[in-house]
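Following: one structure in structure tokens, then a few remarks.
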Amino acid sequence: MLETNIKTCVYCITYNHSQYITDTMKGFAMQETDSPYICCIIDDASTDGEQDVILEFINSNFAVDKQDETYRSETDKAIKLLAQHNTNKNCFFYAILLKENHYSKGLPKRQYVQEWLDKSTYLSLCEGDDFWTDPTKLQQQTDFLDTHIEYTMCFHDVDIVAEKGRTKYDVFGKLEDRDYTIEETIKYWKVPTCSMVLRTSIWNKVPTNPKFRMGDNLVVYTCLTYGKIRCIPNKMGVYRLTPTSWIGGQSSKKQRYLYISHYKGLLESLPICRCQAMYENMESQYFQLMTILKMEGNNEEFNRIKDEYLNYPGECHIDSFTKYYQKEKLRVLAKKLLGNKLSLIIAKLKRI
């Protein structure tokens, strides 16, 4: 069915996004390109009926020949479907409907689409709850990378939509028509996942580490290791804030543990991340976690994390927690010396 080489592979991982995935697939199918592209959609054994939504969209909008073995195949792991769009002949969908959840078991998913990654020049990322709004998005980005070989990635601005249960905020700040550095992409998250287009040769160099807990910034930092990244300031997609997103679905304390683990992995695996901005991020996560543990009265875990922080190798020992801890010891000492007089002194100072 798809004998010619494809230029771009769109990689979409989705789970329990049944109410969003149709928007995502419409954004994929409407792309106007001068060469074939394939949209690889991996549903990680959703429990909300998302796989049925994906099947319905493909059956309604794609040339489906159920007698053709290239259209449908099935293994003990997944149902796989390959089809060409009815009217957009450059658009192909390859849906992988997993039978068991790979994320919860720590199983990789990349092998299901490796064939198409190997055949493509560029990789575009978009998760199943985000979507594209500009039909020229892919063409604009691949045109830029075609003519600027020193760049490993380009991305673009997006609109933010907050779903029920989330508060809208300016996630990425003002995105400008310029290059972005490692320091600013670490300090402030600037690259919407649904806007990324990168060279597949770089994707193959993304490191693995059991401490990694997220993939989007890992991809950005790998791209910056091997070249430059550029922002196209046009808003060509929508980034959703949902209650079930990676961040939205975690408690504040759990987030701190996840971030600390992830930052350790980045410092170990990508030398470009060994910079002041990353050390400050690491310190900030430790500080926030220790503050939470202190407020909970969890002294045993507090002391364990404090010792881990103070003894962690590298240059991540920024002094804000050290100062906080010294002040805390002074407060304890003052309370022992002054007793109840301390609260009276503080009250008087507040009235001045």
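Couple of notes before you dig in:
- With both labels modelled 7 Å from their Cα along Cα-to-Cβ, the LYS211 to SER261 distance reads 1.2 nm.
- Ordered from longest to shortest, the equivalent ellipsoid semi-axes for region 168-213 are 22, 15, 11 Å, each the square root of 5 times a Cα gyration tensor eigenvalue.
- Simple label model, 7 Å out from Cα along Cβ direction - ASN299 to ASP179, nm: 5.4
- A simple packing score, the average count of other Cβ atoms within 10 Å per residue, orders the peptides 50-63, 31-44 as 31-44, 50-63, with the highest score first.
- In nm, spacing of pseudo-spin labels at ASP146 and THR47 (7 Å Cα→C-beta vector): 4.6
- If you plug the beta carbon distance of TYR312 and ASN86 into 1/(1 + (r/R0)^6) with R0 = 51 Å, you get a FRET efficiency near 0.35.
- Region 252-318 - Kirkwood radius from inverse mean 1/r over Cα pairs (Å): 12.1
- Available extension along the chain between ILE160 and GLU115 is 12.9 nm, counting 0.36 nm per residue and deducting the alpha carbon span.
- Length available on full extension from ALA277 to TRP189: 0.36 nm per residue minus the Cα-Cα distance, which gives 30.5 nm.
Each value in this text was obtained by applying a stated rule to the coordinates, not by laboratory testing. All values derive from a computational prediction rather than experimental measurement. Please note: Cβ atoms are built from the backbone with ideal geometry, for glycine as well, and neighbour counts cover all protein chains shown.
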